[in-house]
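Reading through the structure tokens given below for one structure.
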Ligand SMILES: Cc1cc2nc3c(=O)[nH]c(=O)nc-3n(C[C@H](O)[C@H](O)[C@H](O)COP(=O)(O)O)c2cc1C
């Protein structure tokens, strides 16, 4: 019987050879904003291991305060563009596809860590109309560059507490002008970014939007209290040009709202009729991403995939992002495809220290 995880899926001009996506993971190895041959090899290894679609690590748009840590790549530097071409060629040569995540960290950036205490953060509450217009243009310019470099899609990063998410979340956006206040007004910034991106890339190029309820540092936060609020937000984003929604969760099996088993990606698909991507502890049994961020736990063993598969079969969502498991185990998709579940490695914290997974990890028994 055909395993649905290994069937193709099409979003506009993008056909992904299977349903396995590597989500954006900032690694901090692109010194000076330039992804080097080591970064290209890192992505190529995951495609060789069976990933259908890579979503690049967050790529900072051209604003002084867009990147929150050192080593985040950019598109606006000619050396970085050469580096990205090498990444894209490596992925395409192996039959994979690659999207670029367009990023602005907003208030998540620590100016001291960035050695730039004099550069103020862009934050919803302090940005001028000019700052907002420049930032929207910077997203659009990044999208145009990503398309011209040969990326197959772009993903606007509106999740996990970054700038766009700070506008969406009432806990962070206290503006009283057209960019804040009501739910519709808080969604306005994301809408304008999507419109500007869409205007640059044309009607056929796939544009994803990444959203989450939780924020880095505010794990109980929500942008939508109920499905009706989510429908309002996603309807606006869908009309503004998003072709698919990547719903960031810590555990994919958790319902987004009471009274329905649907997860956030499931709701996004149901409410918009557009494709969606799920994520969150896929293939892992143990601490989740927020446990990792809060220092509560790191290593996780492998987990079974029956529930995931049946949810894809039920078309609750279409693509499945595998994050930490792919950091430790680049061949995770091929092992799953071939039924080599006993060879899966889980996630080992030491994989964060280097782009290369150095030593083969001892297999765990599933
Ligand atoms: C090291 C690391 C860096 C991350 N950086 C980003 C990022 O740049 N952009 C983003 O949208 N999510 C980022 N995430 C979140 C992942 O995309 C993913 O949603 C999360 O790890 C949950 O998936 P998992 O449980 O399969 O690891 C990062 C996660 C990790 C582990």
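The values are calculated or read from the model by the stated rules, or taken from the named source; none is laboratory data. None of the values given here were measured: they were computed from a predicted structure. For neighbour counting, all protein chains shown are included, and Cβ atoms are generated from backbone atoms with ideal geometry for every residue, glycine included.
Checking residue 240 against (1) away from the ligand (no atom under 14 Å from the Cβ); (2) more than 23 Å from residue 196 (Cβ to Cβ), which test does it fail?
Unmet condition: (2).
Out of all the residues in the stretch 88-137, which are within 16 Å of the ligand (Cβ to nearest atom), touching a strand residue (DSSP E or B) at 6+ places or on another chain (Cβ under 9 Å) and in a loop (DSSP other than H, G, I, E, B)? Walk me through how you get there before you give the answer.
First, the residues of the stretch 88-137 that are within 16 Å of the ligand (Cβ to nearest atom): 98-110, 113-114.
From the residues that got through so far, the ones that are touching a strand residue (DSSP E or B) at 6+ places or on another chain (Cβ under 9 Å) too are 98-105, 108.
Correct list: 104, 105.
With modelled with pLDDT under 95 and surrounded by fewer than 23 Cβ atoms within 10 Å (Cβ to Cβ) as the only criterion, which of 200, 216, 225 stands out?
Numbers: 200 fails: modelled with pLDDT under 95; 225 fails: modelled with pLDDT under 95.
After applying the criteria, what remains is 216.
Check the stretch 32-40 and report whether any residue there is outside any helix (DSSP H, G or I) and within 16 Å of the ligand (Cβ to nearest atom).
So the first thing to find is which residues in the stretch 32-40 are outside any helix (DSSP H, G or I), and the list is 34-36.
Retained after the next criterion (residues that are within 16 Å of the ligand (Cβ to nearest atom)): 35.
Yes: the stretch 32-40 contains one or more residues that are outside any helix (DSSP H, G or I) and within 16 Å of the ligand (Cβ to nearest atom).
Residue 44 fails exactly one of the following numbered conditions: (1) assigned to a helix (DSSP H, G or I); (2) surrounded by fewer than 19 Cβ atoms within 10 Å (Cβ to Cβ). What is the number of that condition?
Going through (1) assigned to a helix (DSSP H, G or I); (2) surrounded by fewer than 19 Cβ atoms within 10 Å (Cβ to Cβ) one by one, residue 44 breaks only (2).
Please enumerate the residues belonging to the stretch 245-288 that are within 14 Å of the ligand (Cβ to nearest atom), out of contact with any helix residue (DSSP H, G or I) (no Cβ under 7 Å at 6 or more places or on another chain) and not in a loop (DSSP other than H, G, I, E, B).
Residues satisfying the conditions are 246, 248, 264, 265, 285.
Specify the residue that is farthest from the ligand (Cβ to nearest atom); the eligible residues are those in the stretch 333-348 that are in a loop (DSSP other than H, G, I, E, B) and under 9 Å from residue 283 (Cβ atoms).
344
Would you mind finding the one in 172, 178 that is more than 16 Å from the ligand (Cβ to nearest atom) and free of Cβ contacts under 8 Å to residues at least 40 places away in the same chain?
Values: 172 fails: free of Cβ contacts under 8 Å to residues at least 40 places away in the same chain.
Only one candidate qualifies: 178.
Could you list, in sequence order, all residues of the stretch 199-236 that are more than 16 Å from the ligand (Cβ to nearest atom) and either within 17 Å of residue 165 (Cβ to Cβ) or in contact with a strand residue (DSSP E or B) (Cβ under 6 Å, 6 or more places away or on another chain) (or both)? It would help to see each step written out before you state the result.
Looking only at the stretch 199-236, we keep the residues that are more than 16 Å from the ligand (Cβ to nearest atom), and these are 199-206, 220, 222, 224-236.
Matches in the stretch 199-236: 206, 220, 222, 224, 225, 229, 230, 232, 233, 234, 236.
Which condition number does residue 286 fail, the rest of (1) at pLDDT 95 or above; (2) closer than 21 Å to residue 216 by Cα being met?
It fails just one condition, (1).
So residue 75 fits all but one of (1) within 16 Å of the ligand (Cβ to nearest atom); (2) under 24 Å from residue 340 (Cβ atoms); (3) touching a strand residue (DSSP E or B) at 6+ places or on another chain (Cβ under 9 Å); what number is the exception?
That leaves (2) as the condition not met.
Scan the stretch 299-332 for residues that are away from the ligand (no atom under 13 Å from the Cβ) and in a helix (DSSP H, G or I) and report the count.
Qualifying residue count for the region: 7.
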